[in-house]
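Novice: I have a structure I would like to understand better, so I am pasting it below and will then ask my questions one at a time.
The values are calculated or read from the model by the stated rules, or taken from the named source; none is laboratory data. Being a predicted model, the structure only gives us computed values, none of them experimental. Cβ atoms come from the backbone with ideal geometry, glycine included; neighbour counts cover every protein chain shown. With ligands, DNA and RNA removed, areas are computed over all heavy atoms of the protein, side chains included. Shrake-Rupley method; radii C 1.70, N 1.55, O 1.52, S 1.80 Å.
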Amino acid sequence: MKKYIGLFLLVFCFVFAGQDFVCDGVMIGSENNSIPENQGRQFVVVDSFSPGFCDYSMGLAFDGRYIWNNYAWSPRIARIDPQTHQVVNIFYPTYGNRDMAFDGTYLWVSHWQTNSIYKYDTATFSLVASYDPPFAGHANGMAWDGAYLWVGEEGGRIYKMNTTGDTIRSIPFNAPYPSDPRGLGFAAGHLWVGHQGYGRIYEIDTISGAILNWYDAPGYVPGWNFQQGVDFGGGYLWTTTGGTYNRIYKIDIGLYNVEEDKKTTAAKTRLNIKPNPCRENTTISFNIEEQSIVTLSVLDVSGRTVGTIVENANLVPANYQYRLPDGLKNSGIYFVVAKINNSVQSIKLTKL
């Protein structure tokens, strides 16, 4: 009898060891608590907090002021103040339980069960439109690059789409286990892709899908927490884990840090924008106290450079004034970033 019991246990362990427990496409547990040896880079976590309104955080989007966060098990979407960590509103749409992206006006949300993409008005949270992606698998991660949507499919491919639902092209997700690009963000011209069960966030090239860097996802605990939504906004990468230790993380990835740069370089550069907010144009002014190499750029809320005013100019000590680039016509939230030698300062600009 003992022999048969031992044989049963051996077969059980062989069949089920290392299996992930998944419900509605959401990983909720695993018997495999090991991942390949980490040779990636480390994030600098600036802040983290519990979303409060749900027990399994899923998608993220940043609209220039608020974090949008949704619930894994049913469409429940919260607007959260990232400074106070307080939930401002909770919406209960019919669809939208995976990742999200904000295009400057509308919130785009993927829904796992219908495989579709939904477009919402953020003022009334009414449904504006819906689109079916060009793939049979479930729609997961979403990002906005300033002109196009990027949508990750559970099988591992990532699609670039316009706002009417047409596919421009697609790239592979070249991770070692290339499936489930669960969260997507866009920053510095690259896609940032969160892998649910692998506990990593990959920085990838938008042309070839090649991995440029990878990072340990903050809060990832094998078998307990899983990497979900990713977005970029306000100078930071935002990620979330769903599971036992349900949290949202604010991460410095070295692009620019608005608050710290204001404290450390404001006295030296005195970067200023008047008027701000502005309708037509505005004056960007700063002074430098020693001969310096200066780059002055304008970034959108996704971190994409939308205009360069001065690039690697060798400037003598003086006061300087510039106008916005001629091509910057759209209203929205922008960041004017001054890099002076090795110091950086940035100021938020609101264009009406």
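Novice: Is it fair to say D145 is modelled with pLDDT under 90, open to solvent by less than 50 Å² (accessible area, probe 1.4 Å) and closer than 18 Å to F186 by Cα?
Specialist: Against the criterion (modelled with pLDDT under 90, open to solvent by less than 50 Å² (accessible area, probe 1.4 Å) and closer than 18 Å to F186 by Cα), D145 qualifies.
Novice: Quick check on segment 282-293. Is at least one of its residues under 21 Å from G146 (Cβ atoms), modelled with pLDDT under 85 and not hydroxyl-bearing (S, T, Y)?
Specialist: Checked against the condition, which is being under 21 Å from G146 (Cβ atoms), modelled with pLDDT under 85 and not hydroxyl-bearing (S, T, Y), segment 282-293 yields no hits at all.
Novice: Here is a check on your reading of the model: is I333 at pLDDT 80 or above and open to solvent by less than 20 Å² (accessible area, probe 1.4 Å)?
Specialist: no
Novice: Let me ask something additional. Considering every residue within segment 307-320, establish whether at least one is assigned to a loop (DSSP other than H, G, I, E, B) and more than 30 Å from the chain's Cα centre (by Cα).
Specialist: Within segment 307-320, one or more residues are assigned to a loop (DSSP other than H, G, I, E, B) and more than 30 Å from the chain's Cα centre (by Cα).
Novice: Further, regarding this structure: When you scan segment 130-147, how many residues do you find that are closer than 19 Å to I207 by Cα and part of a strand (DSSP E or B)?
Specialist: Within segment 130-147, residues that are closer than 19 Å to I207 by Cα and part of a strand (DSSP E or B) number 4.
Novice: Another one. For residues that are under 21 Å from G189 (Cα atoms) and among the β-branched types (V, I, T), scanning just segment 302-327, find the one that is surrounded by the most Cβ atoms within 10 Å (Cβ to Cβ).
Specialist: I309
Novice: In segment 165-219, how many residues are part of a strand (DSSP E or B), among the β-branched types (V, I, T) and either under 19 Å from P134 (Cα atoms) or open to solvent by less than 40 Å² (accessible area, probe 1.4 Å) (or both)?
Specialist: 6
Novice: Within segment 278-301, work out how many residues are open to solvent by less than 70 Å² (accessible area, probe 1.4 Å) and under 15 Å from L349 (Cβ atoms).
Specialist: 13
Novice: Of the residues in segment 53-75, how many are closer than 15 Å to T241 by Cβ and either without any contact (Cβ under 8 Å) to a residue 12 or more places away in the chain or surrounded by 15 or more Cβ atoms within 10 Å (Cβ to Cβ) (or both)?
Specialist: 11
Novice: Quickly run through segment 148-164 and pick out the residues that are assigned to a strand (DSSP E or B) and either surrounded by fewer than 18 Cβ atoms within 10 Å (Cβ to Cβ) or not small (G, A, S) (or both).
Specialist: Result: L149, W150, V151, E153, R157, I158, Y159, K160, M161.
Novice: Sticking with this one: Just wondering, is there one or more residues in segment 99-120 that are of a type in the set (A, V, I, L, M) and surrounded by fewer than 15 Cβ atoms within 10 Å (Cβ to Cβ)?
Specialist: Looking through segment 99-120, none of the residues is of a type in the set (A, V, I, L, M) and surrounded by fewer than 15 Cβ atoms within 10 Å (Cβ to Cβ).
Novice: So how many residues does segment 162-212 have that are under 20 Å from T240 (Cβ atoms), among the polar types (S, T, N, Q) and at pLDDT 85 or above?
Specialist: Matching residues across segment 162-212 total 1.
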